[in-house]
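Quick notes on the structure that follows.
The values are calculated or read from the model by the stated rules, or taken from the named source; none is laboratory data. Since the structure is predicted, the reported quantities are computational estimates derived from the model, not experimental observations. We place every Cβ from the backbone using ideal geometry, glycine too, and count neighbours over all the protein chains shown.
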Amino acid sequence: MPGTGTLQPALPRTHYIDESSWLVEREQVLMHSWTCVGRLDELGLTAEGTTELLPNRVAVVNLLGESVLVSVTAERTLHAHYNVCRHRGTQLIPMDDDGAAPAPCALKVIRCPYHSWSYHLDGRLRSAPLSGDLDPTLFSLHPLGVDTWGGFLWLHPTPTAAKPLIESLGMAPQRTVRYPLHDLVVGYRATYDVKANWKVIAENYNECYHCGPVHPELSSLVPAFASGGVDLDWEAGIAHREGAWTFTMSGTTDRAPFADLDEDEKVRHKGELVYPNLLLSLAAEHVAAFVLQPQAIDRTRIVCELLFARDEVERSSFDASDAAELWEITNQQDWRICELVQRGMTSRAYDQGWYAPMEDASKDITRWLLPRLPQVEGV
Ligand code: FES
Ligand SMILES: [Fe+2]
């Protein structure tokens, strides 16, 4: 468009505020994507203090409004199924009335509370009392795709359309190869209900144009952020101020850097966004993992977990507050500005936004989303 200089158009406003647009995106995009659910060991499916799957365990998770059973069989294989009986649709393991999941439990069989059809943990129908000679293979629970990477559990709501998980992780596995993601454990968790579309939050994560105005504390730690981080080499990692080497209030900590990092990674910071919903911010001795859980067109729950080496967390002197304090400040600043974006987008005066040159990476949201919405004209 003449007069817009080097600006690039962002997605039209309907993608952020229109209810029917949300329903299409939810069904055609998010329900056809691998989605990160959270840390595997936080679901109660692994032995205490290990990443080893426990046999005969079932956890219930909420994925985009769908209740899902994640199970581990006696042979320690992982499965996921819709929490829906094949007889007449009863929810097999009840969610709380407010949609919260019950605690994970030890189970050998999933039994429907209505007419007692029962299922093996791999989803096969085990028995259907007084139902005659029916073929059990026709009445297995409806499956989801399930896989793990980096210690995170991933589900695919439409497994017939699923490519292998690794193909949807982009460059993240290679770029984080020296970080021991699989073995890290949660040392701090905060959950936020943010009144903004999930894409606003992803776009905000993907650019540092806002860092100077929005994040004075972070910009003090990383002086280049004050001018938007322009020219920073995110692939190589970003440098901190003199004497600082990690994302804490002081820029240092008594925790050791992860052992296998290269010399740059021991003093620099990296970031990854695995579409659609896992944001990783990688410091030398901890990783901040953000799982976005879209709730509605204008609401997103964000689970922020700070992950540390297991031996650090098990130390009696372990204290995550030096990292948590910086993240809490930064998170509140980000969620506040995202909510203001969402509010502004609802104005009749707003039609679409623009990306400045240094926001180019955030154009990725259009590159990721639009090919998955073939019926919507590109921008
Ligand atoms: S609805 Fe589950 S057994 Fe009837
Ligand atoms: Fe930010």
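Some notes on this structure:
- One residue from V267, V287, V291, V313 being more than 19 Å from A190 (Cα to Cα) and surrounded by 15 or more Cβ atoms within 10 Å (Cβ to Cβ): V267
- Search result, residues across the range 70-94 that are more than 10 Å from ligand 1 (Cβ to nearest atom) and either outside any loop (DSSP other than H, G, I, E, B) or surrounded by 15 or more Cβ atoms within 10 Å (Cβ to Cβ) (or both): V70, S71, V72, T73, L78, H79, A80, H81, Y82, N83, I93
- Residues of the range 323-347 that are within 12 Å of ligand 2 (Cβ to nearest atom) and touching a Leu at 6+ places or on another chain (Cβ under 7 Å): W327, T330.
- Residue within the range 231-250 that is part of a helix (DSSP H, G or I) and away from ligand 1 (no atom under 16 Å from the Cβ) present: no
- Checking every residue in the range 154-169 against the condition of being on the phi < 0 side of the Ramachandran plot, outside any helix (DSSP H, G or I), within 16 Å of ligand 2 (Cβ to nearest atom) and hydrophobic (A, V, I, L, M, F, W, C) gives zero matches.
- Members of the range 270-284 that are closer than 18 Å to V185 by Cβ, in a strand (DSSP E or B) and in contact (Cβ under 8 Å) with a residue 40 or more places away in the chain: L278, L280, L282
Conditions (1) out of contact with any strand residue (DSSP E or B) (no Cβ under 7 Å at 6 or more places or on another chain); (2) at pLDDT 95 or above; (3) farther than 18 Å from L273 by Cα, marked per residue:
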residue: E167; (1), (2), (3): yes, yes, no
residue: A172; (1), (2), (3): no, yes, no
residue: A190; (1), (2), (3): no, yes, yes
residue: S227; (1), (2), (3): yes, no, yes
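- All of (1) within 16 Å of ligand 1 (Cβ to nearest atom); (2) surrounded by 12 or more Cβ atoms within 10 Å (Cβ to Cβ); (3) not in a loop (DSSP other than H, G, I, E, B) hold for L138 with one exception: (2).
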